[in-house]
Amino acid sequence: MAKIRVIVNGAKGKMGIETVKAIMAEDDMELVASTDVGDDLSEKIINNKAEVVVDFTVPQAALGNAKKIISAEASAVIGTTGLSNENLKELGSLCAKHKVNCLVAPNFAVGAVLMMKFAAEAVKYLPHAEIIEFHHEKKLDKPSGTAIKTAHLMEKDVPIHSVRLPGLVAHQEVIFGGVGQTLTIRHDSINRESFMPGVILAIRKIKTLKGLVYGLEKIL
Ligand code: NAP
């Protein structure tokens with residue numbers, strides 16, 4: 001069977017390095033190029049006949065990169081955070097125009113997806129809730145994409161607190177308060193390998209999706 005031809009964009013970054021390693025360990029996919037800041041992404045996609053591009057870059061480049069990937073008629077797996085609802089709509093239209101798919105997932109860790117699902121369930125019974133998200137000090141955006149997505153799934157204006165400290169990777173608590181009790185749902189990514197099964201699954205499934213899909217839970 002032909003291997004899936006993949007490019008990792010942001011390949012020199014923390015997530016990019018881990019993604020390159022994960023793809024190289026799979027038999028059904030081939031890393032046809034690695035790109036980073038300064039590379040001509042559109043040219044690399046076309047010249048290497050890439051079918052899927054995984055993007056882990058920086059929030060301010062996320063929309064531009066996604067548009068380049070889709071316009072070059074490759075499917076996009078976007079892990080970079082910072083895309084707004086407006087941006088997602090724009091990408092959805094571009095996907096329809098070019099007949100490719102785009103998966104945007106603010107968190108590729110399966111445990112984080114479960115944390116969001118459990119929080120959406122718990123808020124029905126304990127409506128007073130707040131989110132605390134903890135990340136390494138180099139994370140550029142706040143609140144995190146995961147916290148925004150969690151609040152969105154809880155269908156409430158949930159206050160979000162952001163902590164940025166060395167030593168952390170990616171962690172989140174959703175705390176519920178009721179009469180004489182609290183409930184805490186917590187997820188910890190203790191290293192970046194935690195995101196890789198989700199990224200690999202997205203690369204395998206992206207061609208079977210329809211247009212723009214937001215959230216890893218849609219493909220689990
Ligand atoms: P990072 O270590 O800063 O890596 C980002 C890489 O992208 C760097 O090598 C950077 O180069 C490069 N870059 C910057 N602008 C670019 C452009 N226009 N085109 C191509 N490459 C560009 O960051 P990270 O920790 O890997 O995180 C990357 C993104 O993924 C962040 O938005 C983060 O929040 C997100 N993230 C998502 C998940 C998830 O599960 N979805 C998990 C963890 C992190 P320079 O350093 O030279 O600027």
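The values are calculated or read from the model by the stated rules, or taken from the named source; none is laboratory data. Keep in mind that what you see is a predicted model, and the values were worked out from it rather than measured. Here the Cβ positions follow ideal geometry from the backbone for every residue, glycine too, while neighbour counts run over all protein chains shown. To get the accessible areas, we keep the full protein, side chains included, count just its heavy atoms, and leave off ligands, DNA and RNA. Shrake-Rupley method; radii C 1.70, N 1.55, O 1.52, S 1.80 Å.
Normalised by residue number, the volume inside the convex hull of the Cα atoms of region 110-189 is 82 Å³ per residue. Partner aspartates and glutamates whose Cα lies under 19 Å from the Cα of residue 139, excluding those fewer than 8 positions away in the same chain, are identified as 18, 36, 55, 173, 188, 193. Inter-label distance, residue 98 to residue 24: 2.7 nm, where each label sits 7 Å from its Cα along the C-beta direction. Accessible-area rank, largest first, for 34, 144: 34, 144, with all protein chains present and a 1.4 angstrom probe.
When the listed pairs 14/124; 99/156; 12/49; 138/218; 49/156 are checked against a 32 Å cut-off, the alpha-carbon distance exceeds it for 14/124; 99/156; 49/156. Between residue 2 and residue 137, the distance separating the two model label sites (each 7 Å from Cα on the Cα→Cβ line) works out to 4.9 nm. Normalised by 2.2 N^0.38 Å, with N the number of residues, the alpha-carbon radius of gyration of region 53-131 equals 1.32. Loop-located trypsin sites (Lys or Arg not before Pro) across region 139-217 with a Cβ neighbour count of 14 or fewer within 10 Å are 156, 210, with loop assigned by DSSP. Rolling a 1.4 Å probe over the protein heavy atoms gives region 110-189 an accessible area of 54 Å² per residue. Across all directions, the average projected area of the convex hull around the alpha carbons of the chain is 12.0 nm². In the chain, taking the dipole from charged Cβ atoms about the Cα centre, the farthest positive-side position among 189, 146, 8 is held by 8.
Compared with the dominant Cα axis of the chain, that is its longest principal axis, helix 196-205 is turned about 50°. Just the protein heavy atoms count here, and of the accessible area of the chain at 1.4 Å, carbon and sulfur take up 55 percent. Applying a DSSP loop filter and a limit of 13 other Cβ atoms within 10 Å to the GluC sites (Glu not before Pro) in region 114-220 leaves 137, 155. When the residues 21, 49 are ordered by accessible surface, computed with a 1.4 Å probe over the protein chains alone, the sequence from largest down reads 49, 21. The residue 71 and residue 169 beta-carbon pair, evaluated with R₀ = 41 Å, returns a calculated FRET efficiency of approximately 0.80.
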